[in-house]
Amino acid sequence: IYQQAINAGKITLTQKIATWDEWNQDHLENMRFVALEDEKVIGWVALSPVLQRTGYHGVTELSVYINNNNQGKGIGNILMQYIIDESEKSGIWTILSFIFPENEKSILLHQKFGFRVLGTQEKVAQLNGVWMDNCILERRSKLV
């Protein structure tokens, strides 16, 4: 699923899939979930710590990806609601997402779940030699 995002371009800066050990180290163990259909993973969502400093332990970054063949079926909605509910149970008060402005579907999905655009980092990183902007979205818990 993540390889599909890499192949699509303008969804992620990543150019190659991380090893399991790299991915596992970067994501919170209790904040990673998959959507299954006929025992096959069709989508996933996970949270990563934003900073390792003590005061930021409740601030995370969201990753959510849906198999191309399953987009538009509400899988993103299910995964978003689930990760938000579970994150609040775990004391996470802020979820951030960094999304290219061209990825309008993802921005709309996030906004549907209470994320707001904080701003845009202009020409923050290069993708295949092209400078890319990055929208920063934030969801603050009303419970934590």
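The values are calculated or read from the model by the stated rules, or taken from the named source; none is laboratory data. Quantities reported herein were computed from a predicted structural model and do not represent experimental measurements. Here Cβ is always computed from backbone atoms with ideal geometry, including for glycine, and neighbour counts include all displayed protein chains. Accessible surface areas use protein heavy atoms only, side chains included; no ligands, DNA or RNA. Shrake-Rupley method; radii C 1.70, N 1.55, O 1.52, S 1.80 Å.
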Filtered residue count, segment 84-93, keeping only those that are among the β-branched types (Val, Ile, Thr) and in contact with a helix residue (DSSP H, G or I) (Cβ under 9 Å, 6 or more places away or on another chain): 1
Inter-residue pairs, beta-carbon under 8 Å, first under 19 Å from Gly76 (Cα atoms) and aliphatic (A, V, I, L, M) and in segment 18-36, second open to solvent by 70 Å² or more (accessible area, probe 1.4 Å) and modelled with pLDDT of 95 or more, 6+ apart: Ala35/Ile78
Would you check if there is a residue in segment 6-22 being open to solvent by 50 Å² or more (accessible area, probe 1.4 Å) and closer than 19 Å to Ser87 by Cβ? no
Considering only segment 96-113, I want to know if a residue exists there that is open to solvent by 30 Å² or more (accessible area, probe 1.4 Å), modelled with pLDDT of 95 or more and polar (S, T, N, Q). yes
May I ask you to list pairs of residues, at least six apart or on different chains, whose Cβ atoms are under 7 Å apart, with the first in segment 99-125 being in contact (Cβ under 8 Å) with a residue 12 or more places away in the chain and closer than 21 Å to Ala5 by Cα and the second being β-branched (Val, Ile, Thr) and in a helix (DSSP H, G or I)? Ile99/Ile107
Could you go through segment 115-131 and let me know if any residue there is at pLDDT 95 or above and buried (at least 16 other Cβ atoms within 10 Å of the Cβ). yes
Tell me which residues, restricted to segment 54-89, are open to solvent by 30 Å² or more (accessible area, probe 1.4 Å), farther than 14 Å from Gly43 by Cα and modelled with pLDDT under 95. Thr54, Gly55, Tyr56, His57
